[in-house]
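Derivation of every value follows stated rules applied to the coordinates shown; laboratory data play no part. What you see is a predicted model; the values in this text were computed from it and never measured. Counting neighbours? That spans all protein chains shown, and the Cβs are built from the backbone with ideal geometry, glycine included.
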């Protein structure tokens with residue numbers, strides 16, 4: 001049996017970053033079910049930092065994360081961000097959605113249809129009633145971020161065990177025992193950063209029941225439109241989240257922005273959902289989809305209020321939730337990892353109102 005002060009279950013960006021921060025003053029053991037870290041949602045992220053993405057709680061987390069992305073001391077030798085921009089398009093029927101999105105937002109410019117087309121020249125101008133542009137939306141170097149946090153975790157003495165799916169979580173006499181990959185590990189504190197499997201881990205531990213719903217998000221990689229230099233185009237898509245596209249190493253990544261509830265598994269695209277999403281994209285641009293070079297899907301896991309669940313459980317002693325990040329896991333990881341480490345040190349690093357908004361007790 002191996003022991004540690006803290007066991008982190010889940011080797012995505014949430015678990016690795018939290019483990020790295022906790023390891024500054026505690027021994028950490030991180031358990032990952034897959035052979036590689038970041039295999040599921042982290043490795044399939046759209047990899048963009050959008051300050052105005054999500055509800056008020058998520059926007060507060062984005063603001064806290066921004067300085068770390070820009071100056072990732074101890075994680076990377078330079079910024080983890082690079083310029084991209086985000087252009088969201090609204091039809092006449094979506095103007096209410098556009099108004100709701102821009103309310104309370106910062107750093108957004110309202111554009112006309114002509115201005116939007118000037119920015120992304122393959123767009124059809126006629127369906128666009130208005131657009132909003134966030135210049136400060138930036139690409140995230142997710143792999144460099146994950147590897148940087150991993151180096152920090154190991155440099156602080158943290159241990160990582162891969163190919164170790166958790167099969168049992170029990171608690172007795174103030175100590176948790178976690179069976180993973182056929183081995184038993186023990187620690188006084190368990191962090192549940194298991195992504196789409198976080199609900200299952202919570203059930204094993206006898207934690208308070210929290211509804212966490214994995215939802216599939218698909219994407220396809222298309223050849224760049226002939227005759228266009230797409231590299232400086234922003235991410236662009238529907239304000240109603242019916243599709244979006246992003247330049248990707250000389251190609252275009254297009255997503256149907258699907259959010260279909262599904263059981264946790266190694267996700268793959270549904271052909272019909274992908275085809276329908278590509279059709280919605282085609283209806284907004286002048287260039288047809290001629291072929292798909294490859295496609296993939298990932299799982300984004302949501303609590304009922306689409307806000308992350310972060311804090312100690314209300315009935316399982318020293319069982320800590322770090323779950324329900326939805327589609328915001330990568331861009332909120334620098335903030336949430338510091339919040340987790342602060343909670344374990346009994347030292348709040350953010351206002352109480354934000355902690356209450358994240359707490360499992362809200363359910």
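Summary of computed values
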item	result
Theoretical gain in end-to-end length, residue 293 to residue 249 [0.36 nm per residue, Cα-Cα removed]	14.5 nm
Considering only the chain, percent of DSSP beta bridges that pair antiparallel, nearest 5	75 percent
Calculated [θ] (222 nm, deg cm²/dmol) that DSSP helices of n ≥ 4 give over the chain, each run adding -39,500 (n - 2.57)	-8000 deg cm²/dmol
Pairwise centroid distance, computed over Cα atoms, of the range 44-102 with the range 144-187, Å	30 Å
The chain: angle of helix 13-22 to the longest principal axis, Cα-based, in degrees nearest 10	40 degrees
Principal-axis tilt of helix 142-155 within the chain, Cα atoms, nearest 10 degrees	20 degrees
Förster radius 22 Å - calculated FRET efficiency between residue 348 and residue 70 (Cβ-Cβ, nearest 0.05)	0.40
Burial ranking of peptide ranges 96-102, 199-205 (average Cβ count within 10 Å, highest at the top)	199-205, 96-102
Nearest-0.05 FRET efficiency for residue 135 and residue 99, computed from C-beta distance (R0 22 Å)	0.65
Helix 271-282 vs. the chain, principal-axis angle (Cα, 0 to 90°, nearest 10)	40 degrees
Extension reserve of the residue 262-residue 110 stretch, reckoned as 0.36 nm per residue once the Cα distance is removed	51.1 nm
For the range 1-40: rounded, prolate or oblate by the Cα gyration tensor [a/c cutoff 1.5]	oblate
Relative compactness, the range 148-304, computed as alpha-carbon Rg over 2.2 N^0.38 Å	1.38
FRET efficiency for residue 183 and residue 276, using Cβ-Cβ distance with R0 set to 45 Å, rounded to 0.05	0.50
Global form of the range 219-339, assessed from the alpha-carbon gyration tensor, a/c cut-off 1.5	prolate
Potential extension, residue 143-residue 200 segment - 0.36 nm per residue separation minus Cα distance	17.8 nm
